[in-house]
Every structure is written in structure tokens, then in C-alpha cells.
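Just below is one structure, and these are the notes that go with it.
Only the coordinates and a few stated rules stand behind these numbers; no lab work does. Remember, predicted model here, so these are calculated numbers, not experimental data. With ideal geometry, Cβ positions are generated from the backbone for all residues, glycine too; neighbour counts draw on all protein chains shown.
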Amino acid sequence: MSDAATADELENDEEDTGKGGGLKKILMIAVPVVLLLGGGGAAFMLGLFGGGSSGGVDAPAPPKRVYFMDLPELTVNLSSVEQRAQYLKLSVSLEVSNEATIGIIEPFLPRVLDAFQVYLREVRTSDLEGSAGVFLLKEELQRRIELAIHPAKIDDILFKEILIQ
């Protein structure tokens, strides 16, 4: 390429800039960049780059084994400022990660049920309103179970039945 040709190209470019040539330059640069980025992103999402797997789709991990322990059904008087008696009937199942934890909980079951009874007798019906009330009840019962069976832990407490009369 000669210096004369380069000077002519610059003059043409300067003329084009005034007439929308700047837009052409931007598009000439932007389009390939967008295509490269978009294509690279799509290839990455499809696992063509850096997946580390030896082809094919990774098999999902086997589901974690869980065990459930049903507690005896509880019926308690709820705390009330009114003279009308209100009852809570509660059926609960404990979720644990191994069978050995069930063996640890069983000897402490009287302690767990006592902790439930003492706490539940102080609960008011207004404390159990809505999903927030049930969530707080779940957290409180889980905390009391874990205090009673320490150092063992439960994964979750599951309500099978909650009935207020």
C-alpha cells in the first residue's frame, strides 16, 4: 500500500464520517464483536468450552438418603386470655440424615415431648396465624428438639397435621 493510497482512504473516511460513515465504522467493529461474544457465550452455555467433562451430560448426583421419625400426636390447651378453651392438635415427623440419629432420639423421646408440651401450652392462637406463625412454630420446636437430643441434630421438622379448635 502506498502513502498516497493511505492519504486518499483517510480523506474518504473523513468525508464518510460527516455523512454517517461513523456509523458504518461503528457497525463494522460492533457487529463482529457482538457475534464473537454471543457465539462464545452460547458455546460456553452449551458446554463446548471448558466443561471439564469427558463428553456427554454429567449424571445427576444420587438423591441424598433421608429418614423420617414420626412423633406421637400431641393435643394441648393453648394459652388464652378468654375463658374459652382452645386446643392444638399437632402431628409431627422428624427428618434426619441417617438411621443412627433415630436411635439416638428414641431414648430422649420423653424429654422431647415434654419440651413440646411445655412450650405449646404457652402458645396463643394469634401466634399460629398465617405462614409466618407456622414457620416460627417450626423453628421453635426444632430448637427445643435439638436441645433435648444434643449433640445429635435433626435436618427438619415436618408438620403432618396442625388443627386448632
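Restricting attention to the stretch 157-165, does a residue exist that is in contact with a helix residue (DSSP H, G or I) (Cβ under 9 Å, 6 or more places away or on another chain) and assigned to a helix (DSSP H, G or I)? No, every residue in the stretch 157-165 fails to be in contact with a helix residue (DSSP H, G or I) (Cβ under 9 Å, 6 or more places away or on another chain) and assigned to a helix (DSSP H, G or I). Residues in the stretch 115-152 that are surrounded by 12 or more Cβ atoms within 10 Å (Cβ to Cβ) and among the charged types (D, E, K, R) were compared, and the one that is farthest from the chain's Cα centre (by Cα) is 121.
Cβ-Cβ under 9 Å, sequence separation 6+ or interchain: first residue in the stretch 60-79 and in a strand (DSSP E or B), partner aromatic (Phe, Trp, Tyr) and exposed (fewer than 14 other Cβ atoms within 10 Å of the Cβ). Which pairs? Close Cβ pairs (under 9 Å, with a partner that is aromatic (Phe, Trp, Tyr) and exposed (fewer than 14 other Cβ atoms within 10 Å of the Cβ)) amount to 75/87; 76/87; 77/87.
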